[in-house]
Structure formats: C-alpha cells, structure tokens
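Asks: Okay, handing you the structure first.
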Amino acid sequence: MNIIVLISADAEWRAVKEILTPNEIHSSPLGEWFETTFNSSTSLRINLQPVTFYHGGWGKISSAATAQYVIDRWSPDLLVNLGTCGGFEGRVARGTVILVEKTIVYDILEQMTDPDQAILHYVIEIDLSWLGKCVQSSVISNQFSLVRGPLVSADRDIVASDIPMLVKKYDAIAADWESGAIAWVAKQNGVRCLILRGVTDLVSAGGGEAYGDYDLFLRRTQEIMRQLILLITDHECAWIVPSSSLQPKRQRRPSRARRSSASAGPQLPDG
C-alpha cells in the first residue's frame, strides 16, 4: 500500500521532523518531504513499509495544491492528514484526537444564490469502513482519547461568536484550516482519506486559550504530533492495513474535456 502523510502547519511539520529525525529531507515546488520506514523492534511501525511524509502547508490554498500534487506524483492508495485543531470548550476535551468523519468548509459567503448549497458543494463524508475493528469501535487504548465526528474548516482561527452557529448548523466540536480542502481533493481523485486531528487548545465565549500565546500552541503541537504518530502506527489497532482485501480502488479521473462538460454539482456564481 502506497501511503502519503500530509502535515499542514509549519509548527506541525517541525514537530514531525524532530520526532522522526529523517536521514534526508527532499524539496519540491510546493513543500519538503521525506520517506521513512518504521522499525518492527519499536512501537512505531506501519507493518514495515515505507511511508512518505509531505509538508502540505497551512490554509486551504496550500492544502488543496499539495494534496493534488502528491496524488499526481505518487498515486497514493491512502492519503493521511495528521495535525492539530482548536476545540470548542464544553464540546471536546483538550488533547482529544478527532477521527474525522465529515468535513465542512464554513467560510463561504454566497449572496447571489443559495448560501447553504454553496456550503454543501464542499461537504465531504469520509468513508472509514475500511479501518480496523477496534478503530471502528473507537476503543484504542488507555493512552489515547479518540472521538469520531465532523470537523469544520476555514481560513481563520475560531471566532468565539461563531461557535453557537457552528454547533447549531454543523454539530461541530472543533475547527481547523485545512481538512476540508484535503478531503475534497481526495474525494475528487477517488483516493482513500484518513484525517486525524488533535485538540491543542480550547476556544470559548471568552476567547481562545492559545490566542496571543504562540508558545503554548507550539508546546501542545509537539505533544499532539507525537501522540498522532504513535496512534497511526499502533499495529494492534490496524489503522493502516496493507492487505489486498483493503486495497482501495482508485477511480480514474475523467479527461479535461469530459470534466469541462460534466455537471459540477450545485450551480455556483462565476466569480
């Protein structure tokens, strides 16, 4: 199984490099990358197969571009995104890992047609039926607190006054900047996608605990990224199973001519 792990934010990428200490880091037009193999003699392993880590960059623009880049370059069977997110106080606990089932891009402001249809165009339901049995039941270990749920994305930090709306409309528990774009690109290419985001900080009506305290975010990012790497390489839970029965069947993208003539979903404004 060919696996690419996208790491979005700069702080997340620095943490991953410190944790995995790759022997060689390569450059590409859109970001750094390295390949590693997890040793069977340690707790860090993905069934002894090489895995490519790629720095996808922060925000929807970089995330969409790099997701498409790694798909075109490596043709992965599985696209993984590991990263951080901000949680809504009272809805999720700090340190919780969210196994993302659904992504919603909520910072679309449509004033000419139906705004809900514009949002719906980028909503992705992520198929997780292929995951190992203990992951399906959300029973991981005493080390990890994991919940399955939606993640809302926008090119912005969480605005406290938006939280009631996000909870009411999308049943949201946390938000990030990149997941919505990554999931959408993976879906368009027919590539299996796994998104795991750890809650580094909480936001409430009084504001965010990491707002104005970047050092706090950096410290918690280091903790979360270490936790996520340990989690996906836990062979007992079979997060990533290189079995022929679980190999995804990638759908061939239609040609440019066919794509241009095909329906693209809800009618959206030209601008």
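The values are calculated or read from the model by the stated rules, or taken from the named source; none is laboratory data. Nothing here was measured: the structure is a model prediction, and the numbers come from that model. Cβ coordinates were reconstructed from backbone atoms using ideal geometry, including for glycine residues, and neighbour counts include every protein chain displayed.
Asks: From the residues in segment 188-230 that are among the β-branched types (Val, Ile, Thr) and not in a strand (DSSP E or B), which one is nearest to Ile158 (Cα to Cα)?
Replies: Thr221
Asks: Sort out which residues of segment 168-190 are of a type in the set (Gly, Ala, Ser) and crowded, with 18+ Cβ neighbours inside 10 Å, and write them in order of number. Before the answer, list the steps.
Replies: From segment 168-190, those of a type in the set (Gly, Ala, Ser) are 172, 174-175, 179-181, 183, 186, 190; that's our starting set.
Ala172, Ala174, Ala175, Ser179, Gly180, Ala181, Ala183, Ala186 - these are the residues of segment 168-190 that are of a type in the set (Gly, Ala, Ser) and crowded, with 18+ Cβ neighbours inside 10 Å.
Asks: Restricting attention to segment 60-91, report how many residues are in contact with a helix residue (DSSP H, G or I) (Cβ under 9 Å, 6 or more places away or on another chain) and closer than 15 Å to Leu151 by Cβ.
Replies: The number of residues fulfilling the criteria is 10.
Asks: Kindly list the number of the only condition in (1) at pLDDT below 95; (2) assigned to a helix (DSSP H, G or I); (3) closer than 25 Å to Pro76 by Cα; (4) of a type outside the set (Asp, Glu) that fails for Trp130.
Replies: So Trp130 meets the others, but not (2).
Asks: Right, next: Do we have Val97 as surrounded by 19 or more Cβ atoms within 10 Å (Cβ to Cβ), farther than 23 Å from Ile4 by Cα and at pLDDT 90 or above here? Walk me through how you get there before you give the answer.
Replies: Numbers: surrounded by 19 or more Cβ atoms within 10 Å (Cβ to Cβ): yes; farther than 23 Å from Ile4 by Cα: no; at pLDDT 90 or above: yes.
Criteria not met by Val97.
Asks: Can you tell me which residue is surrounded by the most Cβ atoms within 10 Å (Cβ to Cβ) among those in segment 122-131 that are closer than 15 Å to Tyr170 by Cβ and not aliphatic (A, V, I, L, M)?
Replies: Among those residues, the one meeting the criterion is Tyr122.
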